[in-house]
């Protein structure tokens, strides 16, 4: 069964509706840019392929939330609905960086991007993602721990996490995809995670607020160009300059901004770099900073060792020392995910939850909202 958006609904309006129609046909162009081996590997990782270059997955925390066994740190920090999350990518095996810590099948990434090929429309990606996600959720309907109401509520995503695998901004219509996701009646939040190599995407966002995600993540894993080349390994010769240029543009965007740092023991966690980290982060002035340990999972196991992971206490110590240098304040944490949330000093006494969380989930606090 596939989910099809009502063709009569204007994509720029709230209040539209979702129409459902049955379809067992697989598109003739499905996976035409992926080899059978790639499709098989993604399938074993519980990815569902969407169209010719996209994918969706039900993550561990999504499953736990449905069973009422816990929620991910994004719900703890920001109030998103973990059980209603659609973690997806419009460019599942395309990336312009080859990060050493990436748990995805980086060696298979088609780094030239999606330019020059026929790409799926945002509408097709959204319809396919909703339909494939429903299939992935099917088995949860019969679990004793999952109430019928919770299962039914989870069918239509309320939170869209555009990350999963690959670099989302390589999809030529990423801004239009975000706009259409925001227009869906069920959508409450859209997060975009990026390596910030395509500055022109953020310049486009600056020109029209309908293209802005609810929260924009920039992955920043090196304090200087030399380490960037060793850790992120951009396929672009001017990758570091592109990152800095993008961060400058992003600093002015009227949306919630996050810098995500993945720390690796004895690779980028040396305290001597704290001042360099601080200078980079203050250039973008994000509301939030997430500092997370590298996790020894997936394909990263062929590049790094378990010794490169930091204990939660080591992450906490790094953040405390960084706070002394930068002024950023430790606000929250998730021990299982080995992550600490820091906030800009002017926001230290404000809630980090987004608006709907306070209104619909009874969470108090002033909130950091736009």
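In the stretch 84-117, what count of residues is obtained for those that are part of a loop (DSSP other than H, G, I, E, B) and either at pLDDT below 80 or farther than 18 Å from residue 173 by Cα (or both)? Let's see the steps before the verdict.
Taking the stretch 84-117 first, the residues part of a loop (DSSP other than H, G, I, E, B) are 90-96, 98-105, 109-117.
Keeping just the survivors that are either at pLDDT below 80 or farther than 18 Å from residue 173 by Cα (or both) gives 98-105, 109-113, 115-116.
Selection size over the stretch 84-117: 15.
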Inset, instruction - Would you mind finding the one in 303, 338, 358 that is within 23 Å of the chain's Cα centre (by Cα) and either loosely packed, with under 14 Cβ neighbours inside 10 Å or over 23 Å from residue 70 (Cα atoms) (or both)? - result: 303
Inset, instruction - Please work out which one of (1) in contact with a helix residue (DSSP H, G or I) (Cβ under 7 Å, 6 or more places away or on another chain); (2) not in a loop (DSSP other than H, G, I, E, B) is the condition residue 352 fails and give its number. - result: (2)
Inset, instruction - Scan the stretch 282-289 and give yes if some residue there is over 23 Å from residue 250 (Cα atoms) and either free of Cβ contacts under 8 Å to residues at least 12 places away in the same chain or surrounded by 18 or more Cβ atoms within 10 Å (Cβ to Cβ) (or both), otherwise no. - result: no
Legend entry - Criterion (crowded, with 21+ Cβ neighbours inside 10 Å, closer than 18 Å to residue 85 by Cα, modelled with pLDDT of 95 or more and touching a helix residue (DSSP H, G or I) at 6+ places or on another chain (Cβ under 9 Å)) met by exactly one of 212, 216: 216
Inset, instruction - Kindly indicate whether any position in the stretch 131-146 is surrounded by fewer than 21 Cβ atoms within 10 Å (Cβ to Cβ), modelled with pLDDT under 95 and closer than 30 Å to residue 243 by Cβ. - result: no
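Quickly run through the stretch 310-349 and pick out the residues that are assigned to a loop (DSSP other than H, G, I, E, B) and closer than 15 Å to residue 281 by Cα.
Hits for the stretch 310-349 are 327, 328, 344.
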Inset, instruction - Sort out for me the strands (runs of 3 or more DSSP E) sitting completely within the stretch 1-79 that have 1 or more residues that are modelled with pLDDT of 50 or more and either out of contact with any strand residue (DSSP E or B) (no Cβ under 7 Å at 6 or more places or on another chain) or buried (at least 20 other Cβ atoms within 10 Å of the Cβ) (or both). - result: 47-50, 54-57
Legend entry - Residue identified as touching a residue at least 12 places away in the same chain (Cβ under 8 Å) and within 27 Å of residue 332 (Cα to Cα) among 121, 83: 83
Legend entry - Among (1) in contact with a helix residue (DSSP H, G or I) (Cβ under 6 Å, 6 or more places away or on another chain); (2) buried (at least 21 other Cβ atoms within 10 Å of the Cβ) - the single one residue 128 does not satisfy: (1)
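With a cut-off of at least 3 residues that are outside the structural domain of residue 310 (by TED's automatic domain parsing) and more than 20 Å from residue 322 (Cβ to Cβ), name the helices (runs of 4 or more DSSP H) lying wholly within the stretch 168-285.
174-183
Quick one: is residue 226 out of contact with any strand residue (DSSP E or B) (no Cβ under 9 Å at 6 or more places or on another chain) and under 21 Å from residue 100 (Cβ atoms)?
yes
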Legend entry - Residue selected from the stretch 156-167 under the condition part of a loop (DSSP other than H, G, I, E, B) and under 15 Å from the mean Cα position of the chain (by Cα), by the criterion surrounded by the fewest Cβ atoms within 10 Å (Cβ to Cβ): 163
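The values are calculated or read from the model by the stated rules, or taken from the named source; none is laboratory data. Being a predicted model, the structure only gives us computed values, none of them experimental. As a convention, Cβ positions derive from the backbone with ideal geometry for all residues, glycine included, and neighbour counts pool all protein chains shown.
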